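The next block holds one structure in the form of structure tokens; read it before the comments.
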Amino acid sequence: MVIYRKSTKFLLLVSLFCLYTLSALGNACLNPCTGSSTTGQDTTDRSNFASDNSALTFSNIVFDDATGTYNASSGLNASTAPGAQLYGVSFIGCLSGQSPCVSNSGLVDGTVGSWGGGSNAALTTSQIGYNPGNVATLTITLPANVMAIGFDVLFGNSVSSPTPFGVILDNGSTQNLMTATGVNLPGSVFFGYSSATAITDLTIFAQNTLAAHSSLGIDNFELGLAGAGGSGPVGGGGTSATPEASTLLMVSGGLFLLRFGRRWAR
């Protein structure tokens, strides 16, 4: 009876340790991390994305300091908006066949309908898509060492049949990704992606159909850089490249069980 009780106690401890290990190894969000909110920002998935990529140093572009219209072929960048905090990121907009923009055909930075209570600025394409071969598209070029990106994406116009937004991302190879299903304003979709190699550029497009014609907007664009306070790049799922406290605790717990487990089982 004593041996049975000790064995049961040991197995219970092992089971609890295994559950803890799975929790410690898991991430708060899948990669890509995406979800939506019908009332504004998807703060839940944004928070999970930030937690998964806490080893990086993030900068947030809110577009409040770059309001205006950008019709130059170079789009929105440090030259066309010298007073804006763009952190070396440049933006161009166009209508495309669900492919990257080659040059800018128009961007508008300003309030968009009921987004953010009607007072928050967002960056939108000046043109509205009208069929799958001519969809509203944003192409974004990033500075060096960006290992993760996250942003809110929204429809500039109300659509009757919202679809997911497409995302084409280059991190040394082309990644064809998709967001959660879009929602009308004041809602938005959050999309976040982390990479083991630097992300150089990305393209976001509205997958328009005859029933869903809209411009495309983004806000709260975050870029996560390796170094400068962070402990290094993250892997594909957002795991830190250096051991965290939970990892060290997990390893020490395993060693403890190996050392004393047999004694408890006797």
(request) Check 138, 185, 154, 202 and return the single one that is in contact (Cβ under 8 Å) with a residue 60 or more places away in the chain and either part of a loop (DSSP other than H, G, I, E, B) or not assigned by TED's automatic domain parsing to the domain that holds residue 64 (or both). (result) 185
(message) If a residue must be among the β-branched types (Val, Ile, Thr), surrounded by 14 or more Cβ atoms within 10 Å (Cβ to Cβ) and farther than 17 Å from residue 220 by Cβ, how many such residues does the stretch 63-83 contain?
(response) 1
(request) Return yes or no: is residue 176 without any contact (Cβ under 8 Å) to a residue 24 or more places away in the chain, farther than 25 Å from residue 78 by Cβ and surrounded by fewer than 18 Cβ atoms within 10 Å (Cβ to Cβ)? (result) yes
(request) Evaluate the stretch 44-60: report whether one residue or more is without any contact (Cβ under 8 Å) to a residue 12 or more places away in the chain, farther than 21 Å from residue 226 by Cα and assigned to a helix (DSSP H, G or I). (result) yes
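The values are calculated or read from the model by the stated rules, or taken from the named source; none is laboratory data. None of the values given here were measured: they were computed from a predicted structure. Methodologically, a virtual Cβ is constructed for each residue, glycine included, from the backbone with ideal geometry; neighbour enumeration extends over all protein chains shown.
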